[in-house]
Amino acid sequence: MAPPAQSQRTQSPSQPSGKGEVSDLKTQLRQLAGSRAPGVDDSKRELFKKVISYMTIGIDVSSVFGEMVMCSVTPDIVLKKMCYLYVGNYAKVNPDLALLTINFLQRDCKDQDPMIRGLALRSLCSLRVANLVEYLVGPLGLGLKDSNSYVRTVAVIGVLKLYHISASTCIDEEFPLTLKHLMLNDPEAQVVANCLTALQEIWSAEASNSEDASREREALISKPVIYYFLNRMRVFSEWAQCIVLELVGKYVPSDNNEIFDIMNLLEDRLQHANGAVVLATIKVFLHLTLSMNDVHQQVYERIKAPLLTLVSSGSPEQSYAVLSHLHLLVMRAPFIFASDYKHFYCQYNEPSYVKKLKLEMLTAVANESNTYEIVTELCEYAANVDIPIARESIRAVGKIALQQYDVNAIVDRLLQFLEMEKDYVTAEALVLVKDLLRKYPQWSHDCIAVVGGISSNNVQEPKAKAALIWMLGEYSQEMHDAPYILESLIENWDDEHSAEVRLHLLTAVMKCFFKRAPETQKALGAALSAGLADFHQDVHDRALFYYRLLQYNASVAESVVNPPKQAVSVFADTQSSEIKDRIFDEFNSLSVVYQKPSYMFTDKEHRGPFEFSDELGNLSIGAEAAENVAPALMVEANDKDLLLSTSEEEEIKGPAYNGSAYSAPLYDASSPSVSSLSTQSELAISNPISAGKCFSIYLCH
Amino acid sequence: MPVSASAIYFLNLRGDVLINRLYRDDVGGNMVDAFRMHIMQTKELGTCPVRQIGGCSFFYMRISNVYIVIVVSSNANVACAFKFVVEAVALFKSYFGGAFDEDAIRNNFVLIYELLDEIMDFGYPQNLSPEILKLYITQEGVRSPFSSKPSDKPVPNATLQVTGAVGWRREGLVYKKNEVFLDIVESVNLLMSSKGSVLRCDVTGKILMKCFLSGMPDLKLGLNDKIGLEKESQLKSRPTKSGKTIELDDVTFHQCVNLTRFNSEKTVSFVPPDGEFELMKYRITEGVNLPFRVLPTIKELGRTRMEVNVKVKSVFGAKMFALGVVIKIPVPKQTAKTSFQVTSGRAKYNASIDCLVWKIRKFPGQTEPTMSAEVELISTMAEKKSWTRPPIQMEFQVPMFTASGLRVRFLKVWEKNGYNTVEWVRYITKAGSYEVRC
């Protein structure tokens, strides 16, 4: 796949252009090709090494193809390997030259040394040139029957390679049937395991085309086959065990006894040193017991210890992969992990991706008994040097408060955050206090006293500013200087870059007006006129709407802008349970790490605007596109966060990223010409407090 | 089907390719550029080891000054992929005899290509056991230059074992002196609050083994763990001997251990690989003996002065001693001058990590040295932002001590030739993440 033109572009300037060197190599190789002098292999090795190292750094050395092939006639196995590697790399782009190699590869496939037979066969299958397929069939057939197991393992994977080059040849030659026979009869474990991998891939791909294939695929997860594998579990290598366990996970046992038998048989796998085997076993356990509720719970209890061990051992990357799975399970059954909350405490030096997951789990497992400790711990992190983590931990405190445990103590903590006098802490805390007030209006008295003490000059982040403004509007009665703060904010209207803040300012000043008309009147006038002149379409529209509403009837306007509100009981969960179940089905794969089902990141249509392409040129365009989308995403994420502060950023990004069409008008908003109905309605919905209601009435009019 | 890798790249810190190996055609050839452009050259580096770019996912790991990147286009098995990388690096190390870094890769790249060819085929891990691979990938690292004779012809029946069941041991080993070395290495993780209460504490331990045994020996290891002892007394219908027993939260074993037998009889029995390997790993959260107590008092005297007093108590036996004790006490960035008084060891201020570093080379048990320091700070404009104190961190090694209390009770060796073996057992406890908030 490495076209020469592109590979030249990848060179960094410090690397040699390679032209002169390559032609030198060519002549030297040619001199050595026919030579039989002693020590010639040594000089060949040096030359081959040079060729390979050029190839690695991206210099095109395909021009020495002929010479390399000529030199490959040697008993030296290391030389042969280098030559195979070279041929494998360039055959695809030079199919004509590849034909030259067929001869010597085929001869090597019949060598008396099994090592060389295997290597040659592997290289032959790795040429990936469609019109050479005919030369492959013979050696493959012989390889599968070879007396040496090493050659057979290579040949089995070779069949899979052949399938990817030319599916029809592979099927026509009935290789899959041979593999099936080998799988059930070969004495060597690795051969059997490779057969299984190959057959799974081939039949899954074929299943959509042919009845037979889908029947064969079903046959793989039939009772006899599954039992055959289960009984030989111990002879497989750790990697092969992963593959077998994956297969077992798909099997549907006929009754509960069978489920228990399988679980008893596999239980010792949970003690395996290879984390991948443990995770694969856990998957089998979880999926087998889905229908039995109480056993399913027991499984959670059983797998807790191995999972926690895996998390605490190995590199941060490995523990991240495991932690993502633990995260999934904790989210599904938080109560089971409630007593293990201390395992989710963050260590000072852990990378932030690990900390982030741990914070989410701490949030999830909080219950009546452990909330105090968890919140105390989270407060420690709020003072952390790692600012994103500090933010996350404050958010986590807020989420726990919204989960309703021991709100009293938590509100105190949150208010302490406001007094810490760190910009980002204040900002996050403000957003949280706002959400809390929406859920527990009864706390307004305590909160307002503290919020009132915050100078709006110290709050710069749009989200926090919007939250503060919302509180100013909502509680203008209780906060003495609310109208004056709003007024000073409106004076700086032109300096306010975030449309979201300006929208909130409009609504807040309206609310304030209905409560304290004399003090606010001037500010309202200024706000409306500034809003009408605003270049942002939504701000403009909302100002106009308020203006007309006031003109029409002030009391109607009040009932629209400031209706009696009910406390929010539950904040919406962003991820549907259906999606969560799909992720659970795909346990032990990337889906869990990305927290979205595989179709969202493997299918092209779901991947969204950023398309990856082979051309380097397109790549940079793609990058630009992504950058353009980013601000729009941010606006949107902010909006939605106001609505669903319990949501996770990731999940919001998901749909937004996909719907490129929808984000387009948003980031074009600086030019007021375009404003489709769809953007309006989206925005209206995303500001639920007042605008949502306004809009519905607006439509009625 | 979860493939583990479609391609694997080794890059140096600048992003130059050291090794690239494409296993499958489903990813393009310019993946390195994508990685460089979207991960290495952005702030994303280090934020998450799994990243999606376009239709491909990148898993990457940094090992010394090398990035190892795995690219896949399907819904791959992440845990397996990372484990593969870790195992592969261990394999390379055992071939190079030591460090794995950019230079080692450059010097051995042909060998790495050879190995990459064997350990993974078409994206599926094959055989990564160094024991077996060394039988037929015989080209040694740079240590011995190429021999002039083609001596590296494979051992005639080497490939026979490549796929076999007891893949970790080859037959026909003979040693003059049969020896087994056992190392019990524990690392203690502690998180203590500023008030001295233990927030989190656990021990992760491993038993490392070095075997020089002839033939095909059968080994059995007995520990003082609770379940094992109970089971044993049950079987022998004899009451458990008094003495400390410990409860293991979780154990994992090397693939040579017969797991079925462990589950039924609770004994660790195995046919060991030749040479060095990790026999088992365990985790303990209950009844951990902390080797050290740290008692800090930090006073901020006005804006420009601080007083730091730290007392460290060693709570292990008086006859034992700890080695290489390092206590790092964080101080604010604007530290200007420090003066110390220590009753043992040496202390100094390290500006690059903003810490007072107190080192004690040999730290006997049941002692409590102290350090007191005066720290002068530069007064800065940013007074308002109060200093958030990172935790005090500690490093140490305590030989012949296990924080968990684990002991080896016996190690039995059976071999059909019935030779005598010499067994050596060592214990050591190290600091994992030993943090005390102040």
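Applying a DSSP loop filter and a limit of 16 other Cβ atoms within 10 Å to the GluC sites (Glu not before Pro) in segment B:254-329 leaves B:E286. Each helix, a run of at least 4 DSSP H residues, gives -39500 (n - 2.57); summed and divided by the residues of chain B, these come to -4500 deg cm²/dmol at 222 nm.
At an R0 of 51 angstrom, the distance between the Cβ atoms of A:E368 and A:T74 translates into a FRET efficiency of 0.10. Fully extending the segment from B:T367 to B:E171 would add 65.4 nm, taking 0.36 nm per residue of separation and subtracting the current Cα-Cα distance. The Cα atoms of segment A:173-262 give a gyration tensor whose axes a ≥ b ≥ c have a/c of 1.5 or more with a/b no greater than b/c, which makes the shape oblate. Counting, for every residue in A:107-116, the Cβ atoms of other protein chains within 10 Å of its Cβ and taking the mean gives 2. Against the empirical 2.2 N^0.38 Å (N residues), segment A:204-340 has a Cα radius of gyration ratio of 1.13.
Between B:Y67 and B:L11, B:N12, the built amide H atoms are under 5 Å apart, and every one of these is 5 or more places off in sequence or on another chain.
In this structure, the amide hydrogen of B:V268, modeled 1.01 Å from its nitrogen in the peptide plane, lies closer than 5 angstrom to those of B:L221, counting only residues at least 5 positions away or on a different chain.
A DSSP coil position with no more than 15 other Cβ atoms inside 10 Å describes none of the chymotrypsin sites (Phe, Trp or Tyr not before Pro) in segment A:557-594.
Per-residue 3J(HN,Hα) values for segment B:250-259, derived from phi via the Karplus relation 6.51 cos²θ - 1.76 cosθ + 1.60 with θ = phi - 60°, read 7, 10, 10, 10, 4, 4, 6, 7, 6, 5 Hz in sequence order (x marks Gly and Pro). In this calculation the C-beta distance from A:K223 to B:M400 is compared with R0 = 45 Å, giving a FRET efficiency of 0.25.
Applying 0.36 nm per residue to the separation of A:H181 and A:I387 and subtracting their alpha-carbon distance, the gain on full extension is 68.2 nm. Were the residues from B:Q41 through B:K134 laid out at 0.36 nm apart, the gain over their Cα-Cα distance would be 29.7 nm. At R0 = 41 Å, how high is the FRET efficiency between B:V422 and A:S53 if r is their beta carbon distance? Nearest 0.05 is fine. Once the sixth-power term is evaluated, E becomes 0.30.
Within chain B, helices built from complete DSSP H runs that reach 18 Å or longer along their own axis (Cα positions) and carry a mean Kyte-Doolittle hydropathy of 0.0 or higher are B:78-96.
Loop-located chymotrypsin sites (Phe, Trp or Tyr not before Pro) in segment A:530-559 (DSSP state other than H, G, I, E, B) with a sparse environment of at most 14 neighbouring Cβ atoms within 10 Å: A:F535. Shape class of chain B from the alpha-carbon gyration tensor: oblate, with a/c at 1.5 or above and b/c at least as large as a/b. Note on segment B:249-264 and segment A:396-472: Cα centroid distance 52 Å, given to the nearest whole angstrom.
Averaged over peptide B:113-124, the number of partner chain Cβ atoms lying within 10 Å of each residue's Cβ comes to 6.
Using θ = phi - 60° in the Karplus curve 6.51 cos²θ - 1.76 cosθ + 1.60, the 3J(HN,Hα) couplings for segment A:295-304 round to 5, 4, 4, 4, 4, 4, 4, 5, 8, 4 Hz; x is entered for Gly and Pro. Distance from the C-alpha centroid of segment A:500-550 to that of segment A:73-103: 75 Å, rounded to the whole angstrom.
At 37 °C and 0.692 mPa s, what whole-number value in µm²/s does Stokes-Einstein give for the translational diffusion of segment A:449-535, with Rh from the Kirkwood sum over Cα pairs? So the translational diffusion coefficient is about 262 µm²/s.
Per residue of B:51-58, other chain Cβ atoms within 10 Å of the residue Cβ number 6 on average.
Is segment A:214-266 rounded, prolate or oblate when judged by the Cα gyration tensor, a ≥ b ≥ c being the square roots of its eigenvalues, rounded requiring a/c under 1.5 and prolate requiring a/b larger than b/c? Since a/c reaches 1.5 but b/c is at least a/b, the shape of segment A:214-266 is classed as oblate.
Every number in this text was worked out from the coordinates using simple rules, so none of it is lab data. All of these numbers come straight from a predicted model, not from anything done at the bench. Reconstructed Cβ throughout: ideal geometry from the backbone, glycine too, with neighbour counts over all protein chains shown.
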